[in-house]
Amino acid sequence: MNDKVVMPLWTFCLFIVVMNTTMFNVSLPTIIQDLHISADLGSWVISSYSIGYALSTVIYSRLSDLVPIRRLLTIGLTTLGLSSVFGLFAHDFQALLFTRILQSAGAGAMAGLGLVLASRYVPVARRGGAIAMISVGSAMAFGLGPIVGGIISQYFGWNGLFGITCLVLIVLPVLLRLLPKEQPKAGKFDIVGAALTVINAASLLLAVTSQSLVWLGVSIVSFFTHAWHLKRAKESFINPQLLRMPGYGKLVAIGFCILVLNLGNLFLMPLALANLFHKSALMIGLFIAPGAILSAFLTRFVGHWIDRYGNLRFLLIGHGILVSIMAVFALNLSASPAVLLFGYLCFSPAFSATMASLNNETSMILPRTWIGSGMGLLQLVQFFGGSVSVAVCGLLLHAGRDIEPAKAYKHVYVLLFIVSLCSLGVVFLYRRSRSREPIGQSTEA
């Protein structure tokens, strides 16, 4: 496989897929008004995609242990592209929600299979650069999504947002021509385990977002049922050996915390710019864009540095910057919008470097036969952390609605600062454990 061609194309598609998460944020008020629905109902336009995206990501990753990547990619991008064509003509809430769910079912192929592809077919000497490219594609999408969404919505209406994701149908034939051909592998797919994983994640997220004891009860029962299933199943959807693998659990915890920081910050920044400094949707996007562009510019350098100096060094450097930015936001957020502008200029490249280091480190400690299940579970936990972060940040802001807005934002950023410190602590624990004993084995083994 010519990774110097395939990985940029893959990153482009992933950019479109991830941007599809944030494009709709700025258009949500217009959607609510046009379709005459409540804000609570309208929020499902965003959350349904996020939940489905997270769950389909781990399913595609797990299936890659048995099914060729080319076949899974065809299913995923065809589903995403055709559902986006349908979305161009969706003019009621039911059709819009159905389209977003279908989109999420296909979109998970890009995130789920990208790291598997890099881990299997990119040489170790260049793998850090390839994974860094994927991470920066996601970071740019988070940053540029509000701008693209604002411009398209203003001139073409919110249905025009679906036109962007239709582009994957054009790139799909090119990728299929370039990707390596694989043979299906013998094995069974644990449908019951996959269903329980979906129920675990969805019910817990619904319990948090709706503050429902009923959904919390469903979640607890589903987790106990899943634990019982893991003991009985011979080839379970979640590989139980991963949970006992030294170091892997720490990397998963770090991934959870990093996505809590990133999506929590991207949720809070636009609100702070709008409510504290009265910026328009387009101006908000322009404040966020420079950090995303800087991340893209630094991609080739960060990937090279990771390959040269190692993952742990950049995990520590990235966390140091993230902790510092969260501290600055917690202390000086209301001083000037420039604090958010320059803070995100540092935050976005640090997040991208940290994610690239984390994903590369994970791919290197996993045995080759566990790449699909290991990277898939990591990404599921990451996306779940981001979804929970947005929900909790929103609940905290709602709880502080009666106090001064600047103080309400400060309280939430203090929480994110604590999360960043916890993540940094886990990095130190992982570094210590690795220095004492060998962890797993290389994917090249």
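The values are calculated or read from the model by the stated rules, or taken from the named source; none is laboratory data. Please read these numbers as outputs of a predicted model, since none were measured by experiment. Every residue, glycine among them, receives a Cβ derived from its backbone with ideal geometry; neighbour counts consider all protein chains shown. The area values use the complete protein model at the heavy-atom level, side chains included, leaving out ligands, DNA and RNA. Shrake-Rupley method; radii C 1.70, N 1.55, O 1.52, S 1.80 Å.
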Sole exception among (1) free of Cβ contacts under 8 Å to residues at least 40 places away in the same chain; (2) at positive phi for Leu216, by number:
(2)
Any idea which of (1) touching a Cys at 6+ places or on another chain (Cβ under 6 Å); (2) aliphatic (A, V, I, L, M); (3) under 18 Å from Arg431 (Cβ atoms) is the one Ile325 doesn't satisfy?
(3)
Candidate set: the range 297-333, residues that are free of Cβ contacts under 8 Å to residues at least 60 places away in the same chain and in contact with a Ser or Thr (Cβ under 6 Å, 6 or more places away or on another chain); chosen: the one most open to solvent (accessible area, probe 1.4 Å)
Phe314
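Going by what's in this entry, would Phe277 be described as at pLDDT 85 or above and outside any helix (DSSP H, G or I)? Reasoning before the result, please.
Numbers: at pLDDT 85 or above: yes; outside any helix (DSSP H, G or I): yes.
Criteria met by Phe277.
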State the number of residues belonging to the range 236-260 that are buried (at least 16 other Cβ atoms within 10 Å of the Cβ), of a type outside the set (A, V, I, L, M) and in contact with a Gly (Cβ under 8 Å, 6 or more places away or on another chain).
8
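Every residue, every condition in (1) open to solvent by less than 10 Å² (accessible area, probe 1.4 Å); (2) polar (S, T, N, Q); (3) over 23 Å from Leu377 (Cβ atoms); (4) not in a helix (DSSP H, G or I), yes or no:
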| site | (1), (2), (3), (4) |
| --- | --- |
| Leu55 | no, no, no, no |
| Tyr60 | no, no, no, no |
| Thr74 | no, yes, yes, no |
| Gly81 | yes, no, yes, no |
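Does Ile317 fit the bill of being at pLDDT 80 or above and under 27 Å from Ile131 (Cβ atoms)? If you could, list the steps in order and put the result at the bottom.
Details: at pLDDT 80 or above: yes; under 27 Å from Ile131 (Cβ atoms): yes.
So Ile317 passes the test.
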Quick check: anything in the range 216-235 outside any helix (DSSP H, G or I) and surrounded by 15 or more Cβ atoms within 10 Å (Cβ to Cβ)?
yes
Residues that are more than 17 Å from Leu77 (Cβ to Cβ), in contact with an Asp or Glu (Cβ under 8 Å, 6 or more places away or on another chain) and surrounded by 19 or more Cβ atoms within 10 Å (Cβ to Cβ): does the range 167-188 have at least one?
no
Filter the range 137-160 down to the residues that are among the aliphatic types (A, V, I, L, M) and open to solvent by 10 Å² or more (accessible area, probe 1.4 Å), then identify the one that is nearest to Val198 (Cα to Cα).
Met140
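Out of all the residues in the range 334-350, which are assigned to a helix (DSSP H, G or I) and open to solvent by 10 Å² or more (accessible area, probe 1.4 Å)? Steps first, answer last, please.
Residues of the range 334-350 assigned to a helix (DSSP H, G or I): 334-335, 337-350.
Hits for the range 334-350 are Ser334, Ala335, Pro337, Ala338, Val339, Leu341, Phe342, Leu345, Cys346, Pro349.
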Taking the condition of being open to solvent by less than 80 Å² (accessible area, probe 1.4 Å) and at pLDDT below 90, how many residues in the range 397-429 meet it?
8
Residue check: is Leu268 open to solvent by less than 20 Å² (accessible area, probe 1.4 Å), in a helix (DSSP H, G or I), out of contact with any Leu (no Cβ under 9 Å at 6 or more places or on another chain) and of a type outside the set (Asp, Glu)?
no
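Does Gly374 count as open to solvent by less than 20 Å² (accessible area, probe 1.4 Å), more than 26 Å from Ser104 (Cβ to Cβ) and of a type in the set (Gly, Ala, Ser)? Show your work before the answer.
Details: open to solvent by less than 20 Å² (accessible area, probe 1.4 Å): yes; more than 26 Å from Ser104 (Cβ to Cβ): no; of a type in the set (Gly, Ala, Ser): yes.
So Gly374 does not fit the description; no.
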Checking the conditions here, which among Leu144, Leu102 is closer than 30 Å to Phe314 by Cα and either at pLDDT below 75 or within 20 Å of the chain's Cα centre (by Cα) (or both)?
Leu144
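On the basis of being closer than 19 Å to Asp307 by Cα, at pLDDT below 75 and among the small types (Gly, Ala, Ser), does Ser442 make the cut?
Taking the combined requirement at face value, the residue satisfies it.
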Can you confirm whether Gly285 is open to solvent by less than 40 Å² (accessible area, probe 1.4 Å) and out of contact with any His (no Cβ under 8 Å at 6 or more places or on another chain)?
yes
Matching option when the condition is among the aliphatic types (A, V, I, L, M), without any contact (Cβ under 8 Å) to a residue 60 or more places away in the chain and part of a helix (DSSP H, G or I), among Leu282, Leu294, Leu259, Leu286
Leu294
Test set (1) in contact with an Asp or Glu (Cβ under 7 Å, 6 or more places away or on another chain); (2) closer than 30 Å to Pro349 by Cβ; (3) at pLDDT below 90 - Leu251 fails condition number:
(3)
In this structure, is Ile238 under 20 Å from the mean Cα position of the chain (by Cα) and assigned to a loop (DSSP other than H, G, I, E, B)?
yes
